[in-house]
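Structure, as structure tokens:
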Amino acid sequence: MNDKPWRATIGLESAQVISHQSCAGDQYILRVQAPECAASAVPGQFAHLGCDPQLAMRRPISIMRCDAQQGWVDFLYKAVGKGTGLLAQRTPGETISLLGPIGQPFRPDPARPRSLLLGGGVGMPPMVFLAEQLQHQGGFQPLVLLGSEVPFPFTERPSQIMLPGIPDGVIGAMPLLEDLGVPSRLASLQGYPGCYEGYITDLARCRLDALGEQQRAEVEMFACGPHPMLEAVAALARDYGLPCQVSLEEFMACAVGGCAGCVVEVQTAQGPAMKRVCVDGPVFDAYSVFT
């Protein structure tokens, strides 16, 4: 019997760069051919990428999309330091060492089909992956709210999917999700056209207030983003008595549970416990992390 089930999906492969798109705000969308990772990845998981042959330390990056049949995997990341700066220089045809997929994924409850997904900054990719899976799976009604204080890594499009509770003029949407038939809205404090002027948690509150009691009872929340945002999401979910899952972003060295460098305190039935974000997470029940 395998006493470490989280190891089952982790594989090491040389992933060939298919495309590498530069976006505003030092953001990049990387597509690699990684058939083993693509075959088993599920929303909420990430990969540990080798940024450059001369740099030993890998970087954990959330999976944004994948295609198991064609074997590709997409990553959205922001170049903020030496590692991701070197990764940004990789070109099509080169290979990248990929370790993954890693971690515990999101687990949507079919009894709560009104999935409310919130992604902030580089926390957007897991929400895109989850929304696409829910839409393909059927039986769910995902709504994705994305927030950013730098230009979005896509050209916003006016949504054709109308939603109760969304303030007038808030029509900016992510084209990819719009094409999938998944409603989305954008929020920022930077005054971008078509975006909600404020935090996505405030926009989510507008949406929740517009739902009837029975409809709210069908809502489950999911989020990924900076720690303060996740804390605010957990508080919002608590206000409405909604279940909520969050994906944590922590610095990781090994990313396979060996170094214990990414531990966080989590409340369990047995009391407080230190859990490794890489393999015990990155997805946790929001109430266990934010008490």
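Being within 20 Å of GLY120 (Cα to Cα) and out of contact with any Gly (no Cβ under 9 Å at 6 or more places or on another chain) is the filter here, so list the residues in region 240-287 that pass it. Within region 240-287, LEU242, PRO243, CYS244, PHE284, ASP285, ALA286, TYR287 qualify. Of the set (1) under 30 Å from ALA217 (Cβ atoms); (2) over 16 Å from the mean Cα position of the chain (by Cα); (3) not basic (Lys, Arg), all apply to PHE106 but (2).
Kindly provide the set of residues from region 60-74 that are farther than 19 Å from ALA253 by Cβ and either in contact (Cβ under 8 Å) with a residue 24 or more places away in the chain or assigned to a strand (DSSP E or B) (or both), ordered by number.
Of the residues in region 60-74, the ones farther than 19 Å from ALA253 by Cβ are 63-74.
Scanning region 60-74 gives ILE63, MET64, ARG65, CYS66, ASP67, ALA68, GLN70, GLY71, TRP72, VAL73, ASP74.
Can you spot a residue in region 136-159 that is farther than 19 Å from LEU203 by Cβ, outside any loop (DSSP other than H, G, I, E, B) and not aromatic (Phe, Trp, Tyr)? Yes, that holds for at least one residue. The residues of region 38-57 that are part of a helix (DSSP H, G or I) and within 15 Å of PHE106 (Cα to Cα) amount to a single one, SER40. Out of PRO113, PRO126, one residue alone is modelled with pLDDT of 95 or more and more than 18 Å from the chain's Cα centre (by Cα). It is PRO113.
Just one of the listed residues (VAL283, VAL266, VAL256, VAL289) is in contact with a Cys (Cβ under 7 Å, 6 or more places away or on another chain) and β-branched (Val, Ile, Thr), namely VAL256. For region 153-163, the criterion of being under 29 Å from GLU13 (Cβ atoms) and buried (at least 16 other Cβ atoms within 10 Å of the Cβ) is met by at least one residue. Within region 137-146, one or more residues are of a type in the set (S, T, N, Q), out of contact with any Lys or Arg (no Cβ under 7 Å at 6 or more places or on another chain), free of Cβ contacts under 8 Å to residues at least 40 places away in the same chain and surrounded by fewer than 16 Cβ atoms within 10 Å (Cβ to Cβ).
For the structure I just gave you, tell me whether GLY119 is at pLDDT 95 or above and buried (at least 17 other Cβ atoms within 10 Å of the Cβ). Against the criterion (at pLDDT 95 or above and buried (at least 17 other Cβ atoms within 10 Å of the Cβ)), GLY119 qualifies.
Where residues in region 186-217 are within 22 Å of the chain's Cα centre (by Cα) and of a type in the set (A, V, I, L, M), which of them is surrounded by the fewest Cβ atoms within 10 Å (Cβ to Cβ)? Ranking the qualifying residues of region 186-217, first place goes to LEU189.
Results for (1) modelled with pLDDT under 95; (2) surrounded by 17 or more Cβ atoms within 10 Å (Cβ to Cβ); (3) not hydrophobic (A, V, I, L, M, F, W, C), shown as yes or no for each residue.
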position: GLN21; (1), (2), (3): no, no, yes
position: PRO53; (1), (2), (3): yes, no, yes
position: LEU76; (1), (2), (3): no, yes, no
position: ALA88; (1), (2), (3): no, yes, no
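The values are calculated or read from the model by the stated rules, or taken from the named source; none is laboratory data. Just so it is clear, the structure is predicted and the values come from calculations on it, not from any experiment. Positions of Cβ are backbone-derived with ideal geometry, glycine not excepted, and every protein chain shown enters the neighbour counts.
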